[in-house]
Structures are given as structure tokens and as C-alpha cells.
Amino acid sequence: MSESATSAPDKQAWRVGASADIPEHGRLVVDAGDKTVGVFRVDGRLVAYENRCAHMGGPICQGLIVPAVREKLNEAGQLGGSEFDESDMHIACPWHGYEYSLKTGRHAGKKSIGLRPVPVEETADGDVYIHV
Ligand code: FES
């Protein structure tokens, strides 16, 4: 389910909410015209993507936000388990599990696959706009 953005005087700018509505690793998913867009905060910055997975169009912006999983090597250079990397948050598609970097929108395993970015701005007054 998504919220509706409020159209600004500039017909291509849509107010999606207040800065405080999107804490670190938080999100808003909004309808703006004929598009649904997810807005996320990563490392203090806002990023936004169209809510269409590059695989088969699934609602990627409504997927789980999880840390990347890194394989660990032991002293002999052999696999020694795995660990979460909280510095690289991913979002996983709820349909078939494609995983993308939240920061870049690129697929975790194949960088040529990616989400469609949407320009997003945060004003000094604490409002968040997307441009679609
Ligand atoms: S539609 Fe997203 S993984 Fe298939």
C-alpha cells in the first residue's frame, strides 16, 4: 500500500512528506501521477526509485530492507561462514528475491541490472519532493 504524494505548483514535483517521515533505513512509498515511487534514506541521504523490479516488475520498493551478506574467509583462505554488512543495505523484491543495493539501486550480483532512479530533493524547511 502506498500513500499519495501532493502535487506542487511545478507539475513534475511531488511533495511526498517531511524529512522526519523518512529516518535512516526508512521509506515512503507514494503514488505520483501514473508512477509509484519509493523514497529511502541511506547514510543520511535520500534516494528514490520507481516501484518496479527490473526482473518482472514486482513492487521492489515494498520489499525487505536487509544488510548485505558477506562471506568470511578463515586464516587458511577457506570459507568460514558469513556475516551481515550493515554499511551496505539492500532491498529484496517480494516476488522472486532479486536484491539491490539501496544506495545505488544496482543488483547485488549483476551490476548491469538496476532500478530506475527518481530525482529526490530535501528542502531546508524539511520537505521531501520527487520529480517524475
Ligand atoms: S519481479 Fe522482482 S525478483 Fe522477480
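Checked against (1) more than 21 Å from VAL128 (Cβ to Cβ); (2) within 16 Å of the ligand (Cβ to nearest atom), VAL29 passes all but a single condition, namely (1). With respect to the conditions (1) within 13 Å of the ligand (Cβ to nearest atom); (2) closer than 22 Å to VAL132 by Cα; (3) within 15 Å of the chain's Cα centre (by Cα), LEU64 lacks only one, and its number is (2).
Among the residues of segment 101-113, those that are loosely packed, with under 15 Cβ neighbours inside 10 Å and small (Gly, Ala, Ser) comprise GLY109, SER112. Only a single criterion out of (1) of a type in the set (A, V, I, L, M); (2) more than 16 Å from the ligand (Cβ to nearest atom); (3) over 25 Å from ALA20 (Cβ atoms) is not satisfied by ALA124, namely (3).
Has segment 55-64 got any residue that is modelled with pLDDT of 95 or more, in a strand (DSSP E or B), exposed (fewer than 15 other Cβ atoms within 10 Å of the Cβ) and touching a His at 6+ places or on another chain (Cβ under 9 Å)? Checking segment 55-64: at least one residue is modelled with pLDDT of 95 or more, in a strand (DSSP E or B), exposed (fewer than 15 other Cβ atoms within 10 Å of the Cβ) and touching a His at 6+ places or on another chain (Cβ under 9 Å). Considering segment 74-100, and only residues there that are within 17 Å of TYR49 (Cβ to Cβ) and away from the ligand (no atom under 16 Å from the Cβ), the residue that is surrounded by the fewest Cβ atoms within 10 Å (Cβ to Cβ) turns out to be ASP88. Give the number of residues within segment 33-54 that are in a loop (DSSP other than H, G, I, E, B) and more than 8 Å from the ligand (Cβ to nearest atom). Qualifying residue count, segment 33-54: 6. The single residue among ILE91, ILE113 that is at pLDDT 95 or above and in contact with a Gly (Cβ under 9 Å, 6 or more places away or on another chain) turns out to be ILE91.
The values are calculated or read from the model by the stated rules, or taken from the named source; none is laboratory data. Keep in mind that what you see is a predicted model, and the values were worked out from it rather than measured. So basically every Cβ, Gly included, is an ideal-geometry build from the backbone, and we count neighbours across all protein chains shown.
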